[in-house]
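Participant: Let me give you the structure first, and then I'll get to my questions.
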Amino acid sequence: KAYALFEKSDYLKSIEATENQGTVTDLNEKFSYLKADCFFCLGDYEQAVQHFSKSYKLKNKYSLYRIAECYALMNDAFKATEYLKAYMDLKDKLLRSEIRSDKNFNTISDSKAWKELWKNDLYNNFEKKLDEAKFFISNGKHADAFYILDNLIIKNKNRYRAFEMRGDLYMIIHDYKKAAKDYSEASKLRKKNTNYMIKEATALLKAGKFKRSADLFNQIAVKYPYRIDFYINKAKAEFYSEDYYTFKITVSEYVKYYPKNAEANFLLAKAFEKENDLINALISYNTCIENDDSEAGYFISRGDVHMQTKLYENAATDYSMALDLNPLSGEVYYKRGISKLNFDTESACKDFQKALNLNYHKANDYLVKYCK
């Protein structure tokens, strides 16, 4: 609950939720870090430092970086750079370019302490090469980035950060199968990194490997049950792999924490449709569209349910809204024509003709049967 509230930027309620947990031994570090992040987002950097420090003592090493950010935003360049220097001793630190482009350090970028920090040789050759590849990626020079990353991996098959970055690059060029493979290699080499697993599962989803994606998302959910944020993709993987029972459980759980999320309510409506519970499907579609009326697919799906419940004028209105968003869909003109046959045949025939003009040939049968 606290995590979901944070994701929705409701920081005060998230803090309240963390405080209500008392001392849950296996989640202390997560609660401390989350609470610190809330104070950080609220601009209360002193409180943030207090809780990031607790999180660090509970083995969250990345907290050192966040403490450095806090001190930078409090204009304490000396403390900021001291914590940053300690952070840079870690194995998986952010790259030089990532730290230097962090706007939270802008307040101390002209200070003597900041300039002295960067005089030190803080990165090894591998990390410098990674940074070079990242520069090429950010400038759209994908071939150059691939050349660097391929060579880094050839030289040492244990370089999980190179696998991850190459996976990110494959995602950019929409080669999702290769991206999933690289994320899988990174995950095998760094078993405790949740994000590698989530990236792999997401790449598998985009690659159409729905069963494998769903299985991996389930593994993540068992290990990290509080990470409710990825449940939306978990639900999609289960839906497309036709595991409708688990899909309904997943999307219902997600909607509990994100009740106004349009995509989640759309998926929940699909779950109700699968159960032939059309009334609840319409309720979920209504919530979906109340929160996002920019997707033609939402209106089409609600229109389809209106057709099933014989609310033909409502269906025609939904198809019209979809056509306002995408006026070149022959199929939607065809569907609107079918709905209008129940109350306005002349207008229905015009829709069938428009559908045929847009190469939706099923409309021709209706033109022949109902239209002169």
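Participant: How large is log10 I(q)/I(0) at q = 0.12, 0.15, 0.18, 0.22 Å⁻¹ when the Debye formula is applied to the Cα atoms of segment 171-287, each weighted equally and without solvent?
Facilitator: With no solvent term, the Cα-only Debye profile gives -0.44, -0.66, -0.88, -1.16.
Participant: List the equivalent ellipsoid semi-axes of segment 58-204 in whole Å, largest first, each obtained as the square root of 5λ for an eigenvalue λ of the Cα gyration tensor.
Facilitator: Calculated on Cα positions only, the semi-axes equal 30, 17, 14 Å.
Participant: Further question: Counting pairs of alpha carbon atoms under 8 Å apart in space and at least six apart in sequence, what relative contact order in percent does segment 9-103 give?
Facilitator: 19
Participant: With no solvent and one equal point scatterer per Cα, compute the Debye intensity ratio I(q)/I(0) for segment 285-360 at 0.22, 0.23, 0.27 Å⁻¹ and report its log10, rounded to two decimals.
Facilitator: Each listed q maps to, in turn, -0.90, -0.97, -1.22.
Participant: Do any cysteines in the chain lack another Cys Cβ under 4.7 Å, and if so which?
Facilitator: 38, 41, 70, 288
Participant: How high is the relative contact order of the chain, in percent, counting Cα pairs under 8 Å that sit 6 or more residues apart?
Facilitator: That works out to 6 percent.
Participant: Under a straight-distance cross-link criterion of Cα-Cα below 21 Å, which lysines are reachable from residue 178, leaving out those fewer than 8 residues away in the same chain?
Facilitator: Filter leaves 134, 141, 155, 157, 188, 191, 199, 206, 209, 211, 234, 236.
Participant: Run the reach check for residue 85 against lysines, Cα to Cα strictly under 16 Å, same-chain hits fewer than 8 apart removed. What comes back?
Facilitator: Output for residue 85: 61, 93, 112, 115, 119.
Participant: State which stretch of the chain is the longest one without any exposed GluC sites (Glu not before Pro), exposure meaning a DSSP loop state and at most 15 other Cβ atoms within 10 Å.
Facilitator: 1-241
Participant: Compute and list, largest first, the equivalent-ellipsoid semi-axes of the chain from the alpha carbon gyration tensor, each √(5λ) rounded to a whole angstrom.
Facilitator: The equivalent ellipsoid of the chain has semi-axes of 49, 26, 20 Å.
Participant: How much of the accessible area of the chain, probe 1.4 Å, is carbon plus sulfur, in whole percent?
Facilitator: Roughly 48 percent of what the probe reaches on the chain is carbon or sulfur.
Participant: Any idea which of 213, 136, 160 is furthest toward the positive side of the dipole for segment 89-220, if Lys and Arg beta-carbons carry +1 and Asp and Glu beta-carbons -1?
Facilitator: 213
Participant: Assuming R0 = 45 Å, what is the FRET efficiency of residue 141 and residue 372, from their Cβ-Cβ distance, to the nearest 0.05?
Facilitator: 0.15
Participant: Then there's this: Return a whole-number percent for the relative contact order of segment 200-280, with Cα pairs under 8 Å and 6 or more residues apart as the contact set.
Facilitator: Averaging sequence separation for qualifying contacts and normalising by length gives 22 percent for segment 200-280.
Participant: How far is helix 210-223 tilted, in degrees, relative to the longest principal axis of the Cα atoms in the chain, given as a value from 0 to 90 rounded to the nearest 10?
Facilitator: Approximately 50 degrees, to the nearest 10.
Participant: Applying the Karplus parametrisation 6.51 cos²θ - 1.76 cosθ + 1.60 with θ = phi - 60° to the phi angles of segment 112-119, what ³J(HN,Hα) value in whole Hz is obtained for each residue in order, glycine and proline being reported as x?
Facilitator: Each residue's phi maps through the Karplus curve to give 5, 4, 5, 5, 5, 4, 7, 6 Hz.
The values are calculated or read from the model by the stated rules, or taken from the named source; none is laboratory data. For clarity, every value in this text was computed on a predicted model and none was experimentally measured. Methodologically, a virtual Cβ is constructed for each residue, glycine included, from the backbone with ideal geometry; neighbour enumeration extends over all protein chains shown. Calculation scope for accessible area: heavy atoms of the full protein, side chains included, ligands and nucleic acids excluded. Shrake-Rupley method; radii C 1.70, N 1.55, O 1.52, S 1.80 Å.
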